[in-house]
1. Which percent, to the nearest 5, of DSSP beta bridges fully inside the chain are antiparallel?
2. Which of 18/115; 14/135; 14/66; 115/135 have a Cα-Cα distance over 29 Å?
3. Per 5 Å bin from zero, what fraction in whole % of the C-alpha pairs of the range 105-157 is there, up to the bin with the longest pair?
4. With all pairs of different alpha carbon atoms counted, what Kirkwood hydrodynamic radius in Å does the range 15-157 show?
5. To the nearest 0.05, what FRET efficiency results for residue 36 and residue 79 with a Förster distance of 35 Å applied to their C-beta separation?
6. Per the Kirkwood definition applied to all pairs of different Cα atoms, how many angstroms is the hydrodynamic radius of the range 72-137?
7. Put a dot 7 Å past each Cα toward the Cβ at residue 122 and residue 3; how far apart are the dots in nm?
8. Consider a paramagnetic label point 7 Å from the Cα of residue 114 along Cα→Cβ; state which residues of the range 59-100 have an amide N under 12 Å from it.
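No value in this document is a laboratory result; all are computed from the given coordinates. Bear in mind the structure is a predicted one, so any value in this text is a computation, not a measurement. Cβ atoms come from the backbone with ideal geometry, glycine included; neighbour counts cover every protein chain shown.
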Amino acid sequence: AAEGAELLKATQLKARKKHLRFQRSKIHDWGLVAQEPIESEDLVVEYVGELIRPQISDIRERLYEKMGIGSSYLFRLDDGYVVDATKRGGIARFINHSCEPNCYTKVISVEGQKKIFIYAKRHIAAGEEITYNYKFPLEDKKIPCNCSSRKCRGSLN
Ligand SMILES: Nc1ncnc2c1ncn2[C@@H]1O[C@H](CN(CC[C@H](N)C(=O)O)CC2CN(Cc3cccs3)C2)[C@@H](O)[C@H]1O
């Protein structure tokens with residue numbers, strides 16, 4: 001059953017993929033834009049990357065900071081594990097943050113392997129930018145938020 005569900009997901013993702021483009025974003029640089037309408041609760045995309053242990057992710061984060069690429073291709077999981085999309089990542093790494101997002105993320109363990117899926121939380125019209133809440137931890141050094149939604153919190157962290 002698990003394999004069947006996994007296969008179905010993979011097919012859904014493949015079909016969906018050709019209807020997602022990364023384009024210039026009104027929020028920041030590049031963003032992921034739906035080319036066709038997406039129904040609420042539909043699977044949109046998987047956040048593909050390398051699953052790394054907390055200790056490794058700290059080292060990588062420092063390295064990426066030094067290299068000036070920042071650490072925002074790192075998707076942190078609750079247990080401290082991180083999915084690193086910096087080197088080998090899917091198009092999901094172009095998804096921007098919104099304080100009023102149209103998608104949400106879900107971490108699912110498939111045969112012990114944690115995968116991050118992004119689902120639509122409402123109907124998304126063609127041409128809309130895909131967004132989810134990054135849920136970055138609060139920090140002193142603020143990254144101003146440009147989502148321009150009514151409930152914008154003003155910063156990502
Ligand atoms: N609501 C928001 N308001 C303001 N800024 C936002 C918002 N939401 C995403 N942001 C920025 O976008 C990064 C998240 N990025 C999402 C895609 C990004 N738009 C892109 O074009 O790459 C991925 C990181 C990885 N960085 C690519 C780089 C490579 C070399 C130097 S920077 C950007 C975040 O860390 C932010 O800096």
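1. 95 percent
2. Too far apart for the 29 Å limit: 14/66.
3. Each 5 Å bin holds this share of Cα pairs: 4, 14, 19, 19, 19, 13, 9, 3, 0.
4. Hydrodynamic radius (Kirkwood, Cα pairs) of the range 15-157 is 15.7 Å.
5. Result of the calculation: an efficiency of 0.50.
6. 12.9 Å
7. 4.1 nm
8. 75-84
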